Every structure is written in structure tokens, then in C-alpha cells.
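The values are calculated or read from the model by the stated rules, or taken from the named source; none is laboratory data. Here the structure is a predicted model, which is why all the values come from computation and not from measurement. Positions of Cβ are generated from backbone atoms using ideal geometry, with glycine treated the same way; all protein chains shown enter the neighbour counts.
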Amino acid sequence: MKRSGQPERRTPLKRTAVRRSRVRDSRLQQFHYAVEARARGRCEAGIALDCDGTFAEAHHVVTRKRGVGWPHLHDASRNGLGCCVHCHHWIHSHAQWAKRLCMLLSRPSNDNDPGPILVRIAEAARG
């Protein structure tokens, strides 16, 4: 038996969402470049077992959602951490440990000058 053409489709094709690239605003882009310049191409976290040691992403210690209205949200020295992809994923998937190491904070510090983030991380690591 020979068929002529393709069989008729009984169910319609599912609509798929068009993926749009996220447009960075200038403050976020400047934050990324400042963290990248300070990190000098290396991962500053070094926390994940599979850390490759190279800078890939700029991490906000106080997340952008929780830091709305905080004047230091996009300040690389107070809120930025240069991470490889693996460490950045580890920080967000192990929130309790990351908070103990000062790599993830729920809200900004109450004092006006919380100091550079790398100093706070070093102090938390010492104990």
C-alpha cells in the first residue's frame, strides 16, 4: 500500500515561548566589568569542588532582589564577588553555607560602611 504525502496531523503543534536575551542595564554592566577587573580573570570564591579557577560571572552577595534601594547594590568592592560558573551555582544552591561564609547575605548590613566584601569573607573563614 502506497501513501500519498504525509499523514494529516490531528493535534496542533505546541507553541513554544520565544527566548529573549536579557538586556543588561548600564549599572549592571559596569558592576560586572568592575568585579572582573578586580578579580583579574580568576575565581575569588574557590568554594566548589569542581572550581576551574577562572572568572566567568559577577555574583551579588546581597542579591539584586533583596538589595532594592540599597545604595551599594552595584558597588563591586562592597557587594561583588568574581566567580567561576561552578562556584556561582554552588553559592546559590547551598545558601546556608554561603551565608556562613559571607558569600550570600539576605539583606544589606545596617551600618553605613560594611567594608570590602573580600575582607568580610576572609574574617568569616577565620572563624
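Within the stretch 37-77, can you find the residues that are closer than 17 Å to residue 89 by Cα and among the small types (Gly, Ala, Ser)?
Once the filter is applied, which keeps residues that are closer than 17 Å to residue 89 by Cα and among the small types (Gly, Ala, Ser), the stretch 37-77 yields 45, 46, 48, 53, 56, 58.
Across the stretch 38-89, which residue is farthest from residue 107 (Cα to Cα) among those that are aliphatic (A, V, I, L, M) and assigned to a loop (DSSP other than H, G, I, E, B)?
By that ranking, first place goes to 49.
Mind telling me which of the residues 89, 74, 94, 60 ends up being in contact with a Phe, Trp or Tyr (Cβ under 7 Å, 6 or more places away or on another chain) and surrounded by 14 or more Cβ atoms within 10 Å (Cβ to Cβ)?
Unique residue meeting the criteria: 74.
Being among the hydrophobic types (A, V, I, L, M, F, W, C) and crowded, with 18+ Cβ neighbours inside 10 Å is the filter here, so list the residues in the stretch 39-57 that pass it.
Correct list: 39, 43, 45, 47, 48, 55.
Determine the pairs where a residue that is free of Cβ contacts under 8 Å to residues at least 60 places away in the same chain, located within the stretch 27-55, has a partner that is polar (S, T, N, Q) with Cβ atoms under 7 Å apart, the partner being 6 or more residues away or on another chain.
As it stands, the answer is 41/54; 42/54; 43/54, since those pairs meet every condition given.
Output the number of the condition that residue 36 fails; it satisfies all remaining conditions of (1) touching a Ser or Thr at 6+ places or on another chain (Cβ under 9 Å); (2) at pLDDT 90 or above; (3) surrounded by 14 or more Cβ atoms within 10 Å (Cβ to Cβ).
Among (1) touching a Ser or Thr at 6+ places or on another chain (Cβ under 9 Å); (2) at pLDDT 90 or above; (3) surrounded by 14 or more Cβ atoms within 10 Å (Cβ to Cβ), residue 36 violates only (1).
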